[in-house]
Structure formats: structure tokens, C-alpha cells
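Pasting a structure here, questions to come.
The values are calculated or read from the model by the stated rules, or taken from the named source; none is laboratory data. For clarity, every value in this text was computed on a predicted model and none was experimentally measured. Here the Cβ positions follow ideal geometry from the backbone for every residue, glycine too, while neighbour counts run over all protein chains shown.
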Amino acid sequence: MKTRYILLHIILLLTISQTVFCQNECICTSSGKINTEPYLSGELFTPDVPLDIMTYFNTIWLQGDIYLEDGGIIKNKKIRYNGLVDELFCLDPVSNQVIKLDKEAIHQFHYLNFQDDTSVYFRKLKVKRNLLTDSTEIYAQEIYHGDLSLFVFHTFYLDHAETVKVNKSYSLKDIYKEDPVYYIKFLSNKVVEFKRFSRKSIYALAPDKEAQIRKFFRESISGRIKTNQEIIGFTKFLSSIVDQ
């Protein structure tokens with residue numbers, strides 16, 4: 001009889017251990033049905049100071065699909081991306097808690113409908129932000145896909161602080177401004193960063209094609225590269241002349 005109680009105790013411990021493990025690892029899963037999708041991993045997001053709503057790509061939760069590095073797909077989850085911290089968040093339907101998803105496991109994510117646009121994809125890029133740091137992985141929105149692909153990294157910087165009144169008391173509020181960074185990716189996986197599309201940086205990208213690029217500027221309507229449409233148009237042109 002004592003042996004039987006010991007066996008039951010072991011089985012109970014194993015069951016509890018499995019439940020605890022699932023609570024830590026099996027997040028953002030569907031409630032009320034057997035889940036046959038891959039599991040998403042992450043951690044509860046409970047910052048001391050909430051992130052400024054204006055630093056989110058989508059200020060409200062939107063449905064999206066998440067593509068994993070191992071080829072799995074997590075479909076139709078409520079997600080939000082924040083450019084200030086460069087993290088993807090998921091709203092867990094069971095606990096209604098915000099989960100910061102593990103970036104290492106994610107290859108890309110897709111908003112099913114962002115302001116009536118069904119083609120919004122964010123892909124993970126490995127880039128070198130400056131000369132003093134190692135390469136790092138970021139989420140960047142792919143706005144053109146071809147022989148050359150164009151990405152925009154929706155990053156922010158602290159512009160200033162201003163005094164605001166909350167519940168009859170005053171406090172300082174940080175004000176952020178978006179400072180997008182563009183990346184052009186070659187088929188060889190080479191990635192080139194553009195904070196500004198100056199003539200000098202463009203000619204340096206393809207010095208042997210400078211005459212053709214100058215002609216492109218002369219014949220373009222604005223003669224500049226500043227707006228998203230102008231940047232996309234230039235990337236399409238560059239894709240047609242640059243040797244891969």
C-alpha cells in the first residue's frame with residue numbers, strides 16, 4: 001500500500017511539473033480547443049512605465065500571423081509591434097495578459113489587415129547599427145520585394161520632455177519622434193543601411209552605375225528620394241541595373 005501511495009505521489013508531481021512548464025512556454029494559444037499549432041514562447045510584459053502609445057506601429061491590437069524560424073506558422077493572433085523597444089507583443093486570449101515574444105524564434109509576422117492593407121509584413125534582419133557594436137537582429141517592415149528588397153525600421157528617438165497634468169498633479173512626459181532607417185537587401189544577403197538617401201551614399205552603393213543613376217534623377221518627377229514612394233521607385237530602378 002505504501003508503494004502505491006509513493007507511485008501516486010510521483011505521478012502527481014509529474015503532472016504538476018508539466019502544467020507549470022506549459023504555463024511558461026505555451027502562450028498565446030487558442031482557448032477552448034485542442035491546439036495543433038506550434039507553441040509561441042515569451043514572457044509577461046509588465047514594465048514599470050507603460051510604453052508611449054505613439055511608439056506602437058499599430059496602436060490597437062490587430063490580427064496577424066507569426067512565422068517561426070523552424071517553419072511553423074501561428075495563425076490569427078492579436079499582435080502589436082513597438083518600434084521604441086523593437087519588440088513584438090501578443091495578447092494571450094486565456095489570461096488577457098500581454099506577452100513579449102521571443103525574437104529568436106520568429107522569422108517574420110504579417111498583419112492580416114492594417115488600415116485596409118493586407119500586405120504588411122515585418123521580417124527579421126541581421127544588421128550592424130554602428131561601427132562600435134556587433135550585428136543585431138531587428139524587425140523591419142518590407143515595403144518592396146524583388147531582386148533587391150527594401151525595408152524600413154520604425155525606430156524612435158527621445159525628442160524632448162514636456163510637463164503634463166494628470167489627476168491634478170504635474171509630471172514630465174517623454175516625447176518621442178520616429179526616425180525611420182531604411183535597408184536595402186541583396187540576393188546575396190548583403191544589407192546596406194540608409195538613414196538618408198543622399199546622392200553621395202547612393203553613388204557609393206553602385207559606383208559603376210553612377211551615370212545611370214544620375215540619368216534617373218534627371219528624368220524623375222521630383223529629382224529627389226524622400227517619400228516612401230520615391231524610395232520604392234528608386235529601389236525598383238536600382239534592382240534593374242545592379243549586378244547581383
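Working only within the range 109-146, note down all residues that are free of Cβ contacts under 8 Å to residues at least 12 places away in the same chain and closer than 19 Å to I74 by Cα.
Those that are free of Cβ contacts under 8 Å to residues at least 12 places away in the same chain and closer than 19 Å to I74 by Cα: T118, S119.
While we're on this one: So, in the range 167-213, how many residues would count as being within 16 Å of K226 (Cα to Cα) and in contact (Cβ under 8 Å) with a residue 60 or more places away in the chain?
Within the range 167-213, residues that are within 16 Å of K226 (Cα to Cα) and in contact (Cβ under 8 Å) with a residue 60 or more places away in the chain number 2.
Here are some conditions: (1) touching a helix residue (DSSP H, G or I) at 6+ places or on another chain (Cβ under 7 Å); (2) closer than 27 Å to I79 by Cβ; (3) acidic (D, E). D174 meets all but one. Which one does it not meet?
(1)
So which residues in the range 208-231 are under 27 Å from the mean Cα position of the chain (by Cα) and exposed (fewer than 14 other Cβ atoms within 10 Å of the Cβ)? Quick ask: steps written out before the conclusion?
Of the range 208-231, the ones under 27 Å from the mean Cα position of the chain (by Cα) are 225-231.
K226, T227, N228, Q229, listed by residue number.
A follow-up question, please. What are the residues in the range 76-99 that are of a type in the set (K, R) and within 14 Å of Y39 (Cα to Cα), if any? Can you show your working first?
Initially, the range 76-99 is screened for residues of a type in the set (K, R), giving 77-78, 80.
Hit for the range 76-99 is K77, nothing else.
Spot the failing condition for L131; the list is (1) assigned to a loop (DSSP other than H, G, I, E, B); (2) among the aliphatic types (A, V, I, L, M); (3) modelled with pLDDT of 95 or more; (4) within 19 Å of Y183 (Cβ to Cβ), and only one is missed.
All conditions are met except number (3).
Considering only residues that are within 20 Å of the chain's Cα centre (by Cα) and exposed (fewer than 12 other Cβ atoms within 10 Å of the Cβ), look in the range 139-192 and name the one that is nearest to S119 (Cα to Cα).
Among them, the one singled out is N189.
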